[in-house]
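Reading through the structure tokens given below for one structure.
The values are calculated or read from the model by the stated rules, or taken from the named source; none is laboratory data. Every value quoted in this text rests on a predicted model; they were computed, and no experiment measured them. Neighbour counts are summed over all protein chains in view; Cβ atoms, including those assigned to glycine, are modelled from backbone coordinates with ideal geometry. Surface areas here come from the heavy atoms of the whole protein model, side chains and all, with no ligands, DNA or RNA. Shrake-Rupley method; radii C 1.70, N 1.55, O 1.52, S 1.80 Å.
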Amino acid sequence: NCFVPISEIIAVEETEYNKKQRNIGRWQKMAKLHAFTVYYVKKARNHRWRCSDVTFWCADEHLCNQWIQALKELLEMQKSRPKQLLVYINPYGGKRQGKRIYEQKVAPLFSLASVSTDVVITEHANHAKDNLFEVNIYKYDGVVCVGGDGMFSEVMHGLIGRMQKDSGIDQNNPKASLVQCNIRIGIIPAGSTDCICYSTVGISDPVTSALHIIVGDCQPLDVSSVHHNNTFLKYSVSLLGYGFYGDILKDSEKKRWMGPMRYDYSGFKTFLSHHYYEGTIAYQPAKHTHGSPRDKESCRTGCYICKKSEKQLAEQNKENEEGEEEWKVIKGKFLAINAVSMSCACPRSPKGLSPAAHLADGSADLILVRKCSRFDFLRYLVRHTNQDDQFDFPFVDVYRVKCFQFTSKPSEDNESNVMDIGKKRFGQFCRDHPACCCSIVNSTWNCDGETLDSSAIQVRVHCQLMKLFARGIEENCKDEAAHSQSSIEQLL
């Protein structure tokens with residue numbers, strides 16, 4: 001028996017006899033047939049969804065119409081489903097396949113599910129972001145971006161920024177309580193990296209993502225605001241990386257002509273350079289959370305840790321405890337400083353940078369990789385690709401935080417010998433030489449795949465600031481479908 005929840009039925013349509021004449025068995029003996037087709041979500045391996053269908057035949061036209069009407073009424077009761085969407089397509093991202101992917105794989109599904117769309121093809125950087133400040137976003141049930149993580153970031157900044165503007169909230173104030181964005185964002189992956197889609201759905205697949213949008217899934221998401229000297233810089237939902245990942249991004253931006261291969265080349269080059277950076281980190285622990293970065297409790301669909309942590313944080317904010325908490329300070333030399341608001345899983349790293357990071361618990365996992373040998377750092381990087389505990393190293397520390405600050409140590413040199421003066425005067429020229437071993441004072445922050453100009457930053461996590469058309473990663477899709485109480489069989 002096949003059990004299909006009503007929530008995962010895509011559409012119901014009357015079927016013409018001529019189109020379904022084959023394989024109808026004993027029904028062929030009837031003089032006149034009536035039929036209807038149910039299109040539904042079929043779950044496959046590795047969190048992949050597909051649109052499947054089944055046709056029901058009967059000799060009574062009245063009975064057939066009753067079934068169609070009953071099923072359509074049940075679909076109308078699914079209030080979380082979008083009726084009208086605003087779609088932004090980046091035709092230049094990734095392998096430049098965004099427009100083709102949408103037209104061939106996504107648009108037919110939206111049409112089948114009676115979802116109307118207004119499509120905008122972006123023509124330049126920040127086109128979608130600027131457009132979201134001009135259009136009437138409140139007439140839409142959601143905004144869909146077709147592209148990579150950069151396209152999603154652009155839409156996210158536009159939506160959140162628009163919400164704060166309409167509510168009179170100053171984004172430049174690091175302590176401002178931001179207004180929650182209730183307009184959901186859908187991601188159709190078509191970029192070089194689709195980390196956010198992979199971490200919230202479980203797979204980077206356009207059809208799967210389109211079906212999550214159609215059935216109206218909703219996954220809250222934490223968003224971190226990044227400031228420098230009371231000036232707003234960026235929002236982040238996945239990775240804030242300083243040192244190793246910042247250097248990779250900075251170098252890869254010069255080699256965009258290489259395509260996705262630029263990340264491999266820049267990563268190898270950055271690993272060989274083995275630069276470390278000195279600085280000071282101050283953070284406030286996330287005492288409201290019910291998990292820890294090393295408890296191996298992965299964030300999954302309906303995560304109870306996220307729900308409990310959200311409730312605890314709300315109670316904590318009512319008591320105004322945030323200003324009373326002490327800041328913990330760490331000074332040192334670091335190869336990498338990473339703050340992640342999700343696991344950051346991807347095909348190359350199935351568990352991600354922090355396997356137990358949660359999508360909506362109001363915290364981020366702060367990972368500090370101290371100065372170590374090149375061989376030890378390689379061992380740490382290899383741990384991202386297997387099942388071993390990647391934090392089980394003496395030079396790696398991880399903390400669950402709700403806000404933190406970082407300040408790099410300024411370049412100071414009180415020495416007066418000739419060699420040091422030479423380094424000071426000709427440092428940049430020297431560092432450009434392949435054989436250079438001079439220490440670099442500052443790295444670059446990698447904020448969800450975009451560089452930040454300032455090394456000194458303030459970061460604050462905003463619990464469930466936005467929502468995605470996603471369900472989170474399901475443990476066992478087939479078991480959940482079989483145990484659902486609302487099904488076609490129950491309607492029978």
Filter result for the condition that a residue is touching a helix residue (DSSP H, G or I) at 6+ places or on another chain (Cβ under 9 Å) and of a type outside the set (A, V, I, L, M), over Asp141, Asp130: Asp130
Go through the stretch 158-177 and count every residue that is open to solvent by less than 10 Å² (accessible area, probe 1.4 Å) and either hydrophobic (A, V, I, L, M, F, W, C) or in contact (Cβ under 8 Å) with a residue 24 or more places away in the chain (or both). 4
Qualifying positions in the stretch 123-157 - open to solvent by 70 Å² or more (accessible area, probe 1.4 Å) and among the small types (Gly, Ala, Ser): Ala125
Considering only the stretch 218-244, state which residues are among the β-branched types (Val, Ile, Thr), within 26 Å of Val144 (Cβ to Cβ) and surrounded by fewer than 24 Cβ atoms within 10 Å (Cβ to Cβ). Val223, Val226
I need a count of the residues in the stretch 345-374 that are over 25 Å from Ser408 (Cα atoms) and among the hydrophobic types (A, V, I, L, M, F, W, C). 6
Within the stretch 292-313, count every residue that is surrounded by fewer than 15 Cβ atoms within 10 Å (Cβ to Cβ) and without any contact (Cβ under 8 Å) to a residue 40 or more places away in the chain. 3
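Kindly indicate whether Ser114 is of a type in the set (Gly, Ala, Ser) and at positive phi.
yes
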Does Gln66 satisfy the criteria of being of a type outside the set (Asp, Glu), in a helix (DSSP H, G or I) and modelled with pLDDT under 90? no
Could you tell me whether the stretch 188-200 includes any residue that is at pLDDT below 95, under 24 Å from Val459 (Cβ atoms) and among the small types (Gly, Ala, Ser)? yes
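Which ones in the stretch 207-225 are of a type outside the set (Gly, Ala, Ser) and not in a strand (DSSP E or B)?
The answer is Val207, Thr208, Leu211, His212, Ile213, Ile214, Val215, Asp217, Cys218.
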Output the residue which, of all residues in the stretch 349-399 that are open to solvent by 20 Å² or more (accessible area, probe 1.4 Å), in contact (Cβ under 8 Å) with a residue 60 or more places away in the chain and part of a loop (DSSP other than H, G, I, E, B), is nearest to Val226 (Cα to Cα). Lys371
Out of everything in the stretch 179-217 that is over 16 Å from the mean Cα position of the chain (by Cα) and open to solvent by 30 Å² or more (accessible area, probe 1.4 Å), what residue ends up being nearest to Asn131 (Cα to Cα)? Asn182
Give the residues of the stretch 86-122 that are open to solvent by less than 30 Å² (accessible area, probe 1.4 Å) and within 18 Å of Gly161 (Cβ to Cβ), sorted by residue number. Leu86, Tyr88, Thr122
Just to be sure, is Asp247 closer than 30 Å to Ser80 by Cβ, surrounded by 22 or more Cβ atoms within 10 Å (Cβ to Cβ) and touching a strand residue (DSSP E or B) at 6+ places or on another chain (Cβ under 9 Å)? no
Within the stretch 265-287, identify whether any single residue is on the phi > 0 side of the Ramachandran plot, assigned to a loop (DSSP other than H, G, I, E, B) and either open to solvent by 30 Å² or more (accessible area, probe 1.4 Å) or among the hydroxyl-bearing types (Ser, Thr, Tyr) (or both), and answer yes or no. yes
I'm trying to understand the selection: among the residues of the stretch 157-202, which are β-branched (Val, Ile, Thr) and in a strand (DSSP E or B)? Ile185, Ile187, Ile188
